[in-house]
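Values in this text are rule-based calculations from the coordinates and carry no lab data. Being a predicted model, the structure only gives us computed values, none of them experimental. Using ideal geometry, Cβ is built from the backbone for each residue, glycine included, and neighbour counts are taken over all protein chains shown.
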Amino acid sequence: MELINFKVGCKTISLKILDILLTERFNNDLTTLPNNNKSFIGVKDYMETPTPVFDLGIILNGNSTEQSNKHALEQLRKWQESLEVWFTHLEKSLTKNNTAISTNSTQLHNFEVFYQEFQTDNEDLQAIMEKFDQPFKSLLQTMDKAAEASSDDNKKQVSKYIINIKQNSLMQLNRLFEAAKEQITLDYKPIIVFTTKDGSTPHVGLLVDKVEDNVDYKKEDIKPLDKLTEVGFDIDPQTKNMMRGLIKLAEKHSVLIDPSAIFSPVRAAQEDVQENAAYGLF
């Protein structure tokens, strides 16, 4: 069985190649319609057939990749602005007479926790975030030296340390902030996968992040999920209804989904299960 793997946020899903009509770049040009389904994002006139398009990120992850990216960008912008404000206050504290020196250690600790605990499935973005540690630790060391020189009333040395922070660690941190934001923006190029039930007519469009690869799997390589889903896992009926099996990849798993069962009414779940044989798996 030939399958194509797609990335959806932190998850990988697989579709039978025979279930796919075409993939195309998502240009945010869908026609929106009133609907209570949060994953429904609009209609695309495809092959002269109005085809509903759904965001798989919302279905599988609870929120769209676009929303996750916006949140990450907001966090990066917030911390970048916060560090700039922090340094401005520190500089005033160190250079003005009779001003208490405030390093705001809580804010610095929170920033350190932010970049150390930042998690993403984007390897390039993760690599950028891991680079924050070196210049930040250097900034802290230089800041301590500047505070000590200020307490000794050594204004000349204080000035040197401030310049050092501006031209080295703070500049490096700003470059990393810009690189991280650019990586988030440039990496997100979602596509719509148009699926079919009969091999020729569009069924639904599925918004995914990117195409991963295509592979051949044998029936025995696809593990059924019936035991997993019946022992207390809280999976909503819509999601449970579309899952057909678990596939072992190199370092993780992919969920095989049946697009013909996606968004079927809950009452039809049992009928869809009975049609598994027609789907060519179990």
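Could you put MET1, MET129, MET171 in order, starting from the residue whose Cβ has the fewest other Cβ atoms within 10 Å?
MET171, MET1, MET129
Do you know the Lys pair count in segment 26-147 for C-alpha distances under 17 Å, with sequence separation 8 or more or different chains?
Within segment 26-147, the lysine pair count is 4.
What does the charge dipole of the chain about its Cα centre add up to, to the nearest 20 debye, if the Cβ of each Lys and Arg holds +1 and the Cβ of each Asp and Glu holds -1?
About 880 debye.
Using Cα atoms only, what is the angle between the long axis of helix 65-95 and the major principal axis of the chain, expressed in degrees (0 to 90) to the nearest 10?
Helix 65-95 sits at roughly 0 degrees to that axis.
What does the charge add up to near PRO190, with Lys and Arg as +1, Asp and Glu as -1, over the other residues with Cβ less than 11 Å from its Cβ?
Result for the local shell: -1.
Compare the peptides 149-161, 196-208 by average per-residue count of other Cβ atoms within 10 angstrom and give them in order, highest first.
Highest-to-lowest ranking by the protection proxy: 196-208, 149-161.
In what sequence do MET242, MET47 fall when counting other Cβ within 10 Å, fewest first?
Going from least to most buried by this count: MET47, MET242.
How far is it, in nm, from the label point at ASP221 to the one at MET1 when both lie 7 Å from their Cα along the line to the Cβ?
1.1
For ASP19, what is the net charge nearby, where nearby means another residue's Cβ is under 13 Å from its Cβ and Lys, Arg count +1, Asp, Glu -1?
0
Test of understanding: ordering LEU90, LEU33, LEU3 by Cβ neighbours within 10 Å, fewest first, what list do you get?
Fewest-to-most Cβ neighbours within 10 Å comes out as LEU33, LEU90, LEU3.
Mind checking the angle between helix 155-167 and the chain's longest principal axis? C-alpha axes, 0 to 90 degrees, to the nearest 10.
20
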